[in-house]
Amino acid sequence: MMNAAYQQDYLSQSQHEPPVNFRSGMKLADIERAVILQTLQRQNFNRTRAARVLGIGIRTLQRKLKQYHGWDMDLGELAEA
């Protein structure tokens with residue numbers, strides 16, 4: 001169930017930002033990765049805020065980021081990409 005703060009964050013962001021685009025036939029894991037990385041970028045690489053916007057725990061976000069890069073990445077590298 002969405003709480004009021006999450007709904008407000010979601011609504012305010014979704015009105016000002018373009019949607020994430022997907023190609024037909026993309027794997028679900030690739031879509032998840034794109035959404036997570038784009039959300040992280042939109043939240044200025046603030047992991048706590050990105051996790052809250054995504055509706056997942058910070059540890060889950062950290063685990064997925066480590067899985068994507070094979071190590072605990074420096075978010076500065078993502079910001080430069």
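Consider L61 against the criteria (1) of a type in the set (A, V, I, L, M, F, W, C); (2) outside any helix (DSSP H, G or I); (3) modelled with pLDDT of 90 or more: it satisfies all of them except one. Which criterion is unmet?
Unmet condition: (2).
From D30, D9, grab the single residue that is touching a helix residue (DSSP H, G or I) at 6+ places or on another chain (Cβ under 7 Å), modelled with pLDDT under 95 and not in a loop (DSSP other than H, G, I, E, B).
Details: D30 fails: touching a helix residue (DSSP H, G or I) at 6+ places or on another chain (Cβ under 7 Å).
Exactly one residue qualifies, and that residue is D9.
The values are calculated or read from the model by the stated rules, or taken from the named source; none is laboratory data. Because the structure is predicted, anything quoted here is derived from the model rather than measured. Virtual Cβ from ideal backbone geometry, glycine too; neighbours counted across all protein chains shown.
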